[in-house]
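Let me begin by presenting the structure, written as structure tokens, before commenting on it.
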Amino acid sequence: MTALLEIDKLGKRFGGFVALENISLTVGPGERVGLIGPNGSGKSTLVNCICGTLRNEAGSVRFDGHPLEGASTHQRTRRGLARTFQLPRPFASLSLLDNMRVPLLYAVGARGRRHTDIEARCVELLREVGLESKAWRLPRDLTQVEMRKLELARAMAAEPKLLIADESMAGLTPSEVEDILALLRRLNTEGITIILIEHIMRAVMSFSQRLVVLVSGRKIADGPPDEVVRNPEVESAYLGQ
Amino acid sequence: MRSDIFFLICLAVGGAAFAGAMALDNDYVFFAGYVVLQYVVLSTAWNILGGYCGYVNFGTAAFFALGAYSTVAIHKLYPLPIPLLLVVGGAVSGLVGLIMGYLTLRLRDAFFAIATLALAVVLQTLIVNWDYVGGSRGAFIVRPEVIAPLGNYVRYLCLIMLLLAVAAITSARLIERSRLGYGFATIRDDELAAEASGVPTLRLKLIATMISGAFMGMAGAPFPYYIGYVQPSSAFGLDYAINSIAMPLIGGTTTWVGPLIGAILLGSLQQIVTVTISSAINLLIVGFLLVGFVIVAPNGIVGLVRGFMQHKPTGLFGRRRLGVNAPGPTP
């Protein structure tokens, strides 16, 4: 089995501050990986380096067998790498339906695949996250949890192989967290590899098959969730012992 | 509505207006109409970059002047027919738009606006020091008095500007409803999210600066024939930059209708004021209207109408924003 995502000795600095150091990580197709770490440990920086929003100075990222060096964010999305943002970033002047339309036109369309009825596909995507009835509304009419769902649906519209969900559940109530988790599980059963970045430990523990822990820009643990949380280094990083 | 049908309707409306003006048989109507139509083209062109993509361009005058000075330069070599000059002016301004875009589009907001303003200053300095096109002295263009079968030459110029306006509006509407238009809207809303959705933002922005610049150049190309004497301070006039921003803002920036309404309203008002009060009062009116609209109707006239129509879901404008075949907003 070849890996879907291979990160090799990745490093990123902001001036004198080392944000990521020597990160190596492999994610296989169909995996559910949880990525955790205290605030400022470099989780989002890692996501940004994978997605091309930031350029890493050292190391390399391979996706689906191809190196991603020099590829811009939109090219990576077209190759099957989708992400959601920590704070939802909907297209505010477009209806929810048109929010879905953009990745269909630009990411899926660029792969040579065209949906015959784009509008129907948009509605279908919104139905999957339960936003069908608001298809013609603007994002400003949505609640926080709906906004997160819109963010996920838009990432899904790009028909990715790998979905990186960056704190999709921050600030949600427990039942809303369950909603999002169920959604992510369903996507995973459809064959999409998922990297979940999350602070809510209960959610990460129940979702992930594997847990990766970042602390101060270094990877300190990588393995089955139960083992990782018993790791003394992880415990000390989280509990400050 | 399909774009070809829309184009024909625009042509028919324009044709009817032109026929009406011919029936009046008053050259002043064409003289003033030319200016209003020129502003329709300029504000529609500005809106492609400023309204659709959200990049405020203060350099309209530079693109306009490039079109005008292309005409002056070519006229001195060999006087070409005006439609060909339009093509040349459009090509020159489109190319400069592309270059300017490449140099400045990594800037955002105020920084981009300042860069476009700087471009205008740089180009004006170049033209002032380019003796071949008259430098700071300016250049005279002697146009034919009459043209058959229209009569006065200004009627011919007005007809050309009318056709250009129809072309600009049709293009803007076509862009708005195409894949390109959705891409532009995402650039306006959130470039990071746009890239993450697969939108090649830099390429799209370059396309926008090129189209926008090209139409501005085309609007400027017949200008030397219209005015008869071009000098840098008139071709690079601040009025063009201010008006082409004010008109879309007053009309509404998210659709092709906005710049059209804004240009017709404000352009006509300026013409009326010029003959009834004074030409010096023009920019004052623009200033007052702009302040008024920013306070009362920040989304322009189109936004105002939409807000009103959204209470009636059957409304023409209310639906457009919500989608073409919307089942109507849920209460």
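The values are calculated or read from the model by the stated rules, or taken from the named source; none is laboratory data. Here the structure is a predicted model, which means the values were calculated and not measured. Every residue, glycine as well, gets a Cβ built from its backbone with ideal geometry; the counts of neighbours run over all protein chains shown.
Out of curiosity, is A:Leu196 over 16 Å from A:Glu128 (Cα atoms) and not hydroxyl-bearing (Ser, Thr, Tyr)? Judged against the criteria, A:Leu196 is a match. Reported count of residues in region B:196-211, each being assigned to a helix (DSSP H, G or I), within 10 Å of chain A (Cβ to nearest Cβ), surrounded by fewer than 24 Cβ atoms within 10 Å (Cβ to Cβ) and free of Cβ contacts under 8 Å to residues at least 40 places away in the same chain, is 2.
When restricted to residues that are more than 9 Å from every other protein chain (Cβ to nearest Cβ) and either part of a loop (DSSP other than H, G, I, E, B) or surrounded by fewer than 17 Cβ atoms within 10 Å (Cβ to Cβ) (or both), region A:50-86 contains 16. Total residues in region A:142-177 satisfying the condition of being crowded, with 19+ Cβ neighbours inside 10 Å, part of a loop (DSSP other than H, G, I, E, B) and within 11 Å of chain B (Cβ to nearest Cβ): the figure is 2. Only one entry in A:Glu233, A:Glu176 is modelled with pLDDT under 90 and either under 13 Å from A:Gly37 (Cβ atoms) or in contact with a strand residue (DSSP E or B) (Cβ under 7 Å, 6 or more places away or on another chain) (or both), namely A:Glu233. Scanning region A:112-124 for residues that are more than 9 Å from chain B (Cβ to nearest Cβ), part of a helix (DSSP H, G or I) and either touching a Leu at 6+ places or on another chain (Cβ under 9 Å) or not acidic (Asp, Glu) (or both) gives A:Ile118, A:Ala120, A:Arg121, A:Cys122, A:Val123. Just so you know, in region B:176-195 the residues that are at the interface with chain A (Cβ under 7 Å from one of its Cβ atoms) and charged (D, E, K, R) include one that is farthest from the chain's Cα centre (by Cα), and it is B:Glu195. Residue count for region A:87-111, restricted to those that are surrounded by fewer than 24 Cβ atoms within 10 Å (Cβ to Cβ) and more than 7 Å from chain B (Cβ to nearest Cβ): 6. On inspection, B:Val121 qualifies as at pLDDT below 95, in contact with a helix residue (DSSP H, G or I) (Cβ under 9 Å, 6 or more places away or on another chain), more than 14 Å from chain A (Cβ to nearest Cβ) and within 19 Å of B:Tyr240 (Cβ to Cβ). Mind checking which residues of region A:20-41 are buried (at least 23 other Cβ atoms within 10 Å of the Cβ), over 21 Å from A:Ala71 (Cα atoms) and of a type outside the set (Val, Ile, Thr)? Of everything in region A:20-41, those that are buried (at least 23 other Cβ atoms within 10 Å of the Cβ), over 21 Å from A:Ala71 (Cα atoms) and of a type outside the set (Val, Ile, Thr) turn out to be A:Gly34, A:Leu35, A:Gly37.
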